[in-house]
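The values are calculated or read from the model by the stated rules, or taken from the named source; none is laboratory data. Nothing here was measured: the structure is a model prediction, and the numbers come from that model. Using ideal geometry, Cβ is built from the backbone for each residue, glycine included, and neighbour counts are taken over all protein chains shown. These accessible areas exclude ligands, DNA and RNA; they are computed on the full protein's heavy atoms, side chains included. Shrake-Rupley method; radii C 1.70, N 1.55, O 1.52, S 1.80 Å.
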Amino acid sequence: WSLLKNNYMKDVILKLITMPIEINKRNISVYEFLKELQYFKLYNDIKEDDIRNELEQYPDYIKYWMIYSEDKRSSSGWYLLKTNNTYIVDYFPNENQNLEFVNPEAACANFIKKEIEDIRIATDGMEDFFKIIKK
C-alpha cells in the first residue's frame, strides 16, 4: 500500500508542477486545477521537498512558474523573482519575508507550496458556499 501511495503522490506532484501550463492550455482557474488534483484533500501529504525533488527531475517547468509569478494580477500574494545570482520568494505588498535561494528548484518549490497554500486557505469553505447558492 505504501508503494502505491508513494507512486500516486509522485503523480500528483508531477501534475502540480505543470500547473502554469495546464491552467493556460485548459483555460481554468488555479482553484479548479487544484480541486481536480485533489490538493485540498492531500495538502498535508504534499511537502515542499517532494515538489523540489520533482523540479530537479523536470527543471524546465521552473521557467513556467517564473512566468506565472510575473503574470499574476492581484493586490497581494507570493512571487518568485530571479536576481543576478539568487532567487527570491517574497510576499507583495509586505515584502518582509525576502527568502533568498541559490538553488532554483528549492526557490520554485518554496514558491509553489506558499502559493497553493495561500489559495487553499483563501478558498476554504468554497465548496460549501457553492452548494448553498445552487439550492
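Here I51 clears all of (1) closer than 17 Å to K114 by Cα; (2) touching an Asp or Glu at 6+ places or on another chain (Cβ under 6 Å) except the condition numbered (2). In the stretch 15-33, the residue that is modelled with the lowest pLDDT out of those that are open to solvent by 30 Å² or more (accessible area, probe 1.4 Å) and among the hydrophobic types (A, V, I, L, M, F, W, C) is I28. In the stretch 60-108, what residues are part of a strand (DSSP E or B) and on the phi > 0 side of the Ramachandran plot? The one that is part of a strand (DSSP E or B) and on the phi > 0 side of the Ramachandran plot: G77. Restricting the first member to the stretch 11-35 and to residues that are closer than 21 Å to D124 by Cα, and the second to residues that are assigned to a helix (DSSP H, G or I) and aromatic (F, W, Y), the beta-carbon pairs closer than 7 Å and six or more apart or on different chains are M19/F33; I23/F33; L34/F40.
Of a type in the set (F, W, Y), under 24 Å from K47 (Cβ atoms), open to solvent by 30 Å² or more (accessible area, probe 1.4 Å) and at pLDDT 95 or above, is that true of Y91? Please lay out each step first, then the result.
On the way: of a type in the set (F, W, Y): yes; under 24 Å from K47 (Cβ atoms): yes; open to solvent by 30 Å² or more (accessible area, probe 1.4 Å): yes; at pLDDT 95 or above: no.
So Y91 fails the test.
Going by the structure shown, is Y43 farther than 22 Å from E100 by Cβ and within 12 Å of the chain's Cα centre (by Cα)? Outline the logic, then answer.
Details: farther than 22 Å from E100 by Cβ: yes; within 12 Å of the chain's Cα centre (by Cα): yes.
It is true that Y43 is farther than 22 Å from E100 by Cβ and within 12 Å of the chain's Cα centre (by Cα).
Which of the following residues is over 11 Å from the mean Cα position of the chain (by Cα) and assigned to a helix (DSSP H, G or I): E115, E22? Result: E22 is the single residue among E115, E22 that is over 11 Å from the mean Cα position of the chain (by Cα) and assigned to a helix (DSSP H, G or I). Scanning the stretch 34-44 for residues that are open to solvent by less than 50 Å² (accessible area, probe 1.4 Å) and touching a Leu at 6+ places or on another chain (Cβ under 9 Å) yields L34, L37, Y39.
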